[in-house]
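The values are calculated or read from the model by the stated rules, or taken from the named source; none is laboratory data. Just so it is clear, the structure is predicted and the values come from calculations on it, not from any experiment. Cβ sites come from the backbone with ideal geometry, for glycine too, and all protein chains shown count toward neighbours.
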Amino acid sequence: MDPRSLSTASFQSYEPLARRLASDYLDLLRSLPLVLCAVMMREIINLDYRFPRERAAIEARLAFLESLSTGDRQKLTKGFADLSLSPDLLAADWVHSPQRFEEDLSAHLWASKQYDAFRDAATAFAQQVDKAMPAWNPGAHRFVVIVLAPDLRKDGYPLFRKLKPHGVFFPRVAGDGGLAAVLRELDRRTAETLTPFDHWYIDGGGSGEKISNGICQCSWTGSTALRAEMLDRIEKIVGSGSGGPEILRSAMASWNPGTRNVITGNELVDRFILSVYAEGSGTQVFSTTFVQWATREILRRAEPVSVVARYGLRQRQRTLNEMFSKSPSQIGFDPAGSLVDADFGAYTSWINLSRIANSDQARFFAWSQAHGQAIAIGPDFPRGTEAPDQIGVAQLLRL
Amino acid sequence: MFPVHGSSDTLSLLVRNRREFLRLASASIATSAIFPAPRAHAFRQTDRSKVVIVTFGGGARDEETFAPDGQENIPGLIKTLLPHSTFFGQVVNRGILGHYVATTSLATGVYETFNNFSGVAPPHPTLFEYFRSDLKRPATDAWVISPSNGFRNMGSSTARRYGPGAGASVILPKQLLRAAAPDFSTGNVDRLLRDTYEEPHASVGLTGSEGNLRQIEEVLRLSRDEFVRHALSLDSADEMSVYVARQLMLHVAPSLLWITLHDIDVAHSGAFSLYIEGIQRTDRLCVEIWNNIQSNPEYAGNTTMFVLPDFGRDSDADPAGNSFQHHRTGDAASRTTWMMVLGPGVRQGAFVQRPVESIDLVPTIGKILGIDTPLARGKFLPEVA
């Protein structure tokens, strides 16, 4: 479908917010190269289920493009216009199935050796747009804490090795009441700024802590029923013998369980949790992957000011022998593997934090309950240093 | 698909300096340069010349292998194999970064462009077809050991002059196991996880056949019970592949053997620990294969072994990816890897800094074996051929 043939009728099946935004920017959308228009449409089509900050960013991007002169816009989007598309892609219904279009486009770009050109065009476009749009200032400094639960243990493992060069390492952290102290700080911050979706608690299972109202929750244990339904769906697709990874991915991404699995009662949060299972790889099976991907996506999409993510035990990967002889209930957990996953998850969380606005003022902590070690990164923490004295978690958070 | 946010100054610090990687790898070799180095090009192709290719798959980054922090994961490569190898520090894959299509591209010397998940035979002739055609070798002299059913067609192309029947014999260890142990049922979670990896077809599609049973009994010279018993004592599919390779080398001794390892692809599950375990296991298995070569009279002294990943994985710094988990961004970390070459006539402790391409493999092996590879688009590597 050619973007020039778009009309308000094209968006009739969209949800209200998406329909309105697409209609408001119809002239702009009609002027964009097909590939860019389809990518934009993928962002717009789910607008009603996106967080406020995502919605604002999408609208700001459209407004920026609209503000450009025709010549400047063509210059900015030329890399997309230069891509050569197959007849199937040119005819595809990306207005209603932008996700499917994007998957087919990706395969086409790789096969036609245009992926690098697309990547260059997308990177240059994103840099220009980011530069032109004012970064959102959260007011308070951002605060991210990654907690490695007490069951996660691997003796002798060099924890936080990748993070140490960027902050202060605390080798002797007294853990008594530590998690409660972290959650108290989350409560305090939430009480200070009650903006929706600004404060999150992500749990990888088993903490049993009561989380205050006003804090969005994304929990492995709390989403067990949804996960079970998702696994059942995956199993059916795979079990049919006809579902390769592409079909599986498309089917999962388009899955909508409706109101059957209300998790938190907040539709946007529930939709978010669904997306963690539907769009993440391995999130359905390993709680550590669930926490890592959820943290990444919350930071990217909601741009929150507070996140506490707690890694719990993940199930053990089975050996060939066990695969043929044991039932899943006998698998057990992998404390050492969980610790390694969580350690790396802390590192990627810091990377993802550093991608959002004002991250240079953010305070980041990662703490292993079992090992009594922590790392603190932020403007007040000298890089690559160590604080050998014993310290409590509450005290650490106040530094 | 869309890199929404660009890299910050902080992130740029995270990008591993490849020169540092090169320097350290070079230093590792320098310490072992006391081993006498045979004269390059001294080796000449003979009827007994053999080549074993091991793909360190699927998809390993420098960061977790030859970069400073990664070297602890590959003690076998660093301590045992590197001192005896010519090491290429920059092997670039400019093709599609999907395991089947990339591995097949390694075998044809052409960046193939078919759908990674289709499992089709490549359109360009494979190394195996060049080898059998030029040297008039039987099908039993060229073998491919593949990790999954989806790789079953990589032994032969659809090229008119070559094609089915002119390529390698293919052995699929998982399919053998399914044939030998039809009454075992797979567990749910593991199967689901495995199917989120980049395997072209679901493992449940595997079916046993009389042909598989014959391969076990006639080619590997094992009883069905022996095979199953041994397989069940192993930790992974790659261990089973190496076990099959060992049996094949003992009883068939093919001149051209391609072993596609794939355990590392567990990285798609997002569990970093399993990805690292996959690398550590693959490291151990590479040494095991080399030791099998050295202890087998049919192979010792006349075999060149190539070890290389099919490609890397996404870097930590690229916002379009999710670190090690996938290989979707096409960034430098996902395209750039390394290669080790060991064997008679290969200079030991040599380090090649210039960039080469993964499709250079076929012409290089062609030169070593004395065969033409006319349709391969890579260039032979004079450092080893």
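Yes or no, residue by residue, for (1) within 14 Å of chain A (Cβ to nearest Cβ); (2) within 21 Å of the chain's Cα centre (by Cα); (3) not in a loop (DSSP other than H, G, I, E, B):
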{"residue": "B:Ala317", "(1), (2), (3)": "yes, no, no"}
{"residue": "B:His326", "(1), (2), (3)": "yes, yes, no"}
{"residue": "B:Phe351", "(1), (2), (3)": "no, yes, yes"}
{"residue": "B:Asp360", "(1), (2), (3)": "no, yes, yes"}
{"residue": "B:Pro363", "(1), (2), (3)": "no, yes, yes"}
{"residue": "B:Pro374", "(1), (2), (3)": "no, no, no"}
{"residue": "B:Arg377", "(1), (2), (3)": "yes, yes, no"}
{"residue": "B:Glu383", "(1), (2), (3)": "no, yes, no"}
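Could you tell me whether segment A:329-347 includes any residue that is in contact with a Gly (Cβ under 6 Å, 6 or more places away or on another chain) and at pLDDT 95 or above?
no
Before we move on, is A:Tyr157 within 14 Å of chain B (Cβ to nearest Cβ) and of a type in the set (Ser, Thr, Tyr)? Give the steps one after another, and end with the answer.
Numbers: within 14 Å of chain B (Cβ to nearest Cβ): yes; of a type in the set (Ser, Thr, Tyr): yes.
So A:Tyr157 passes the test.
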Where a residue in segment A:76-100 is more than 15 Å from A:Arg30 (Cα to Cα) and its partner, wherever it lies, is in a helix (DSSP H, G or I) and among the basic types (Lys, Arg), with Cβ under 6 Å and at least six apart: A:Pro98/A:Arg42
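Within segment B:288-301, how many residues are among the aliphatic types (A, V, I, L, M) and crowded, with 18+ Cβ neighbours inside 10 Å? Spell out how you get there, then give the answer.
From segment B:288-301, those among the aliphatic types (A, V, I, L, M) are B:289, B:293, B:300; that's our starting set.
Retained after the next criterion (residues that are crowded, with 18+ Cβ neighbours inside 10 Å): B:289, B:293.
So the answer is 2.
Could you check segment A:354-373 and list, in sequence order, the residues that are in a strand (DSSP E or B) and out of contact with any helix residue (DSSP H, G or I) (no Cβ under 6 Å at 6 or more places or on another chain)?
Here is the first cut: in segment A:354-373, the residues in a strand (DSSP E or B) are A:363-368, A:373.
Matches in segment A:354-373: A:Arg363, A:Phe365, A:Trp367, A:Ser368, A:Gln373.
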When every residue in segment A:362-375 that is surrounded by fewer than 24 Cβ atoms within 10 Å (Cβ to Cβ) and of a type outside the set (S, T, N, Q) is compared, the one nearest to the other protein chains (Cβ to nearest Cβ) is A:Ala362
If a residue must be more than 14 Å from chain A (Cβ to nearest Cβ) and part of a loop (DSSP other than H, G, I, E, B), how many such residues does segment B:328-349 contain? 7
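Somewhere in segment A:104-117, is a residue among the small types (Gly, Ala, Ser), under 20 Å from the mean Cα position of the chain (by Cα) and either crowded, with 16+ Cβ neighbours inside 10 Å or within 13 Å of chain B (Cβ to nearest Cβ) (or both)?
No: segment A:104-117 contains no residue that is among the small types (Gly, Ala, Ser), under 20 Å from the mean Cα position of the chain (by Cα) and either crowded, with 16+ Cβ neighbours inside 10 Å or within 13 Å of chain B (Cβ to nearest Cβ) (or both).
With the structure loaded, tell me whether B:Ser241 is under 16 Å from B:Gly57 (Cβ atoms), touching a strand residue (DSSP E or B) at 6+ places or on another chain (Cβ under 7 Å) and within 12 Å of chain A (Cβ to nearest Cβ) or whether it fails that test.
Details: under 16 Å from B:Gly57 (Cβ atoms): yes; touching a strand residue (DSSP E or B) at 6+ places or on another chain (Cβ under 7 Å): yes; within 12 Å of chain A (Cβ to nearest Cβ): yes.
Spelling it out, B:Ser241 is indeed under 16 Å from B:Gly57 (Cβ atoms), touching a strand residue (DSSP E or B) at 6+ places or on another chain (Cβ under 7 Å) and within 12 Å of chain A (Cβ to nearest Cβ).
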Can you tell me which condition A:Leu89 does not meet? The list is (1) surrounded by fewer than 16 Cβ atoms within 10 Å (Cβ to Cβ); (2) more than 13 Å from chain B (Cβ to nearest Cβ); (3) assigned to a helix (DSSP H, G or I), and all the others hold. (1)
Segment A:160-172, residues that are within 12 Å of another protein chain (Cβ to nearest Cβ), out of contact with any helix residue (DSSP H, G or I) (no Cβ under 6 Å at 6 or more places or on another chain) and outside any helix (DSSP H, G or I): A:Arg161, A:Gly167
Starting from residues that are within 14 Å of chain A (Cβ to nearest Cβ) and buried (at least 24 other Cβ atoms within 10 Å of the Cβ), keep the ones in segment B:123-148 and report whichever is farthest from the chain's Cα centre (by Cα). B:Ser148
The condition of being surrounded by fewer than 23 Cβ atoms within 10 Å (Cβ to Cβ) and more than 21 Å from the chain's Cα centre (by Cα) holds, among B:Gly321, B:Gly270, only for B:Gly321
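Condition (residue is surrounded by 16 or more Cβ atoms within 10 Å (Cβ to Cβ), closer than 27 Å to A:Glu303 by Cα and within 26 Å of the chain's Cα centre (by Cα)) applied to segment A:70-81: is it met by at least one residue? So that I can check it myself, show each step before the final result.
Narrowing segment A:70-81 to residues surrounded by 16 or more Cβ atoms within 10 Å (Cβ to Cβ): A:73, A:76-77, A:79-80.
When the remaining residues are screened for being closer than 27 Å to A:Glu303 by Cα, the result is A:76-77.
Keeping just the survivors that are within 26 Å of the chain's Cα centre (by Cα) gives none.
No, the conditions are met nowhere in segment A:70-81.
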I'm trying to understand the selection: among the residues of segment A:284-296, which are more than 7 Å from chain B (Cβ to nearest Cβ) and over 10 Å from A:Tyr311 (Cβ atoms)? A:Gln284, A:Ala294
Please tell me if B:Leu250 is within 13 Å of another protein chain (Cβ to nearest Cβ) and within 21 Å of the chain's Cα centre (by Cα). no
In segment B:149-190, residue modelled with the lowest pLDDT [restricted to those that are within 14 Å of chain A (Cβ to nearest Cβ) and in contact with a Pro (Cβ under 7 Å, 6 or more places away or on another chain)]: B:Val189
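Could you count how many residues in segment A:341-361 are farther than 19 Å from B:Pro319 by Cα and either more than 10 Å from chain B (Cβ to nearest Cβ) or surrounded by fewer than 23 Cβ atoms within 10 Å (Cβ to Cβ) (or both)? Outline the logic, then answer.
Of the residues in segment A:341-361, the ones farther than 19 Å from B:Pro319 by Cα are A:341-343, A:361.
Checking which are either more than 10 Å from chain B (Cβ to nearest Cβ) or surrounded by fewer than 23 Cβ atoms within 10 Å (Cβ to Cβ) (or both) leaves us with A:361.
The qualifying residues number 1.
Criterion first (under 29 Å from B:Arg246 (Cβ atoms) and either surrounded by 24 or more Cβ atoms within 10 Å (Cβ to Cβ) or of a type outside the set (Gly, Ala, Ser) (or both)) does B:Ser105 satisfy it? Don't jump to the end; show me each part of the working.
On the way: under 29 Å from B:Arg246 (Cβ atoms): yes; either surrounded by 24 or more Cβ atoms within 10 Å (Cβ to Cβ) or of a type outside the set (Gly, Ala, Ser) (or both): yes.
When the stated conditions are applied, B:Ser105 passes them.
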Only one residue in A:Leu17, A:Leu26, A:Leu109, A:Leu32 is farther than 28 Å from A:Pro134 by Cβ and not assigned by TED's automatic domain parsing to the domain that holds A:Arg271, so which one is that? A:Leu109
All but one of (1) more than 12 Å from chain A (Cβ to nearest Cβ); (2) surrounded by fewer than 24 Cβ atoms within 10 Å (Cβ to Cβ); (3) within 20 Å of B:Ser241 (Cβ to Cβ); (4) touching a residue at least 60 places away in the same chain (Cβ under 8 Å) hold for B:Pro83; state the number of the condition that does not hold. (3)
Pull up segment A:192-219, narrow it to residues that are modelled with pLDDT under 95 and of a type in the set (A, V, I, L, M, F, W, C), then point me to the one that is farthest from A:Pro304 (Cα to Cα). A:Ile211
Among (1) within 14 Å of chain A (Cβ to nearest Cβ); (2) in contact (Cβ under 8 Å) with a residue 60 or more places away in the chain, B:Trp290 falls short only on (1)
Could you tell me which residue of segment B:100-119 is modelled with the lowest pLDDT, considering only residues that are within 13 Å of chain A (Cβ to nearest Cβ) and over 15 Å from B:Asn153 (Cβ atoms)? B:Thr113
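Test A:Ala140 against the stated conditions and say whether it is touching an Asp or Glu at 6+ places or on another chain (Cβ under 8 Å) and outside any loop (DSSP other than H, G, I, E, B).
Details: touching an Asp or Glu at 6+ places or on another chain (Cβ under 8 Å): yes; outside any loop (DSSP other than H, G, I, E, B): no.
When the stated conditions are applied, A:Ala140 does not pass them.
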